[in-house]
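Trainee: One structure coming up, written as structure tokens, with questions to follow.
The values are calculated or read from the model by the stated rules, or taken from the named source; none is laboratory data. Remember, predicted model here, so these are calculated numbers, not experimental data. For neighbour counting, all protein chains shown are included, and Cβ atoms are generated from backbone atoms with ideal geometry for every residue, glycine included.
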Amino acid sequence: MKKQITQILVVVVIISLALCACKHVDSAAQAAADAEIIDRGTANFLSISARAFGSAAENITPEQEYYIGRAVAANILSNYRLWNGDPNLTSYLNLICAAIVINSPNPSLFNGYHVVILDSSELNAFATSAGHIFVTRGLINVTKTEDDLASVIAHEVAHIQLQHGIKSIKSNRLTEALFITAAAGIGNAMGMDAEELSDVFGESVGEIVQTMVGSGYSREQEYEADIAAMHLLAAAGYQPSALIDMLNEIKTVHAPGSGFGKTHPAPISRIYFAQRALNRFQVADNRLERQGRFNQARNLGVAAQ
């Protein structure tokens, strides 16, 4: 009985240590096992849990953001083809993006911002932490002004600058750490070794990336990105109300189970919050001055593909 109490106290101390200095837990746990204070299975359980929580607590560098974003981009391109019908249209979208980001709080990334067109008739857009912005042909086809296009791009830029993708990954890391801790505890009870547990964990990585792309950001993050996009539009001289115009266009063809409806909240709820924020902005309405170049770019054959 005394030995069991001692083991419990040692485990409590090591777990407490894990909360403030995860990197020391592995050696502490193994040292306790070497001294036969706790058994080796419990030591391995503590080591695995500590490494998981240590990973969850790590900061993600700009370089890591870029490579994480590349992995997400690769996932997107495994489900969509790029549209290369006319490079001039892609260049036009990138010029709009440049106007937005140069007037934004974070005008530069590790490898810059890049907009490309996805060869899909569905209405959707994606952004990665690496600065990739993907816009479908279908979404471009429902725009009526350059400001509409700018609102789509600004919304995706907002996701990048607010680090929504990275925050999702950090949240997933914490969830994974809890999963690993639970799995390690079960594994210890069932006699599984650390290598077997690592294999179980490794299989979940692909599922996490798919969840990010498949289900989209949270409602709160989408609303936050909308308001940030309106600020970005105003700073670049675009009409913040264009975001609401675009959402109204999307609302007429919104399908909850696919495309835009799969990765974004219903347009009507986004319109409500955007309208409440609209009176914060006072921007001269000069959309007509941009209509000529929009019409020229818009007629580059996207709708016909």
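Trainee: Criterion first (touching a Gly at 6+ places or on another chain (Cβ under 9 Å), outside any loop (DSSP other than H, G, I, E, B) and closer than 23 Å to I250 by Cβ) does I160 satisfy it? Spell out how you get there, then give the answer.
Mentor: Values: touching a Gly at 6+ places or on another chain (Cβ under 9 Å): yes; outside any loop (DSSP other than H, G, I, E, B): yes; closer than 23 Å to I250 by Cβ: yes.
Yes: the conditions hold for I160.
Trainee: May I pose another question? Can you confirm whether the stretch 121-140 contains a residue that is surrounded by fewer than 16 Cβ atoms within 10 Å (Cβ to Cβ) and not small (G, A, S)? Quick ask: steps written out before the conclusion?
Mentor: Here is the first cut: in the stretch 121-140, the residues surrounded by fewer than 16 Cβ atoms within 10 Å (Cβ to Cβ) are 121.
Add one more test, that the residue is not small (G, A, S), and what stays is none.
Checked the stretch 121-140: no residue is surrounded by fewer than 16 Cβ atoms within 10 Å (Cβ to Cβ) and not small (G, A, S).
Trainee: Only residues that are at pLDDT 90 or above and of a type in the set (K, R): list them for the stretch 261-285, please.
Mentor: R270, R276, R280
Trainee: Which of the following residues is at pLDDT 90 or above, under 17 Å from H159 (Cα atoms), within 17 Å of the chain's Cα centre (by Cα) and not in a helix (DSSP H, G or I): F134, F110?
Mentor: Values: F110 fails: at pLDDT 90 or above.
After ruling out the rest, the residue left standing is F134.
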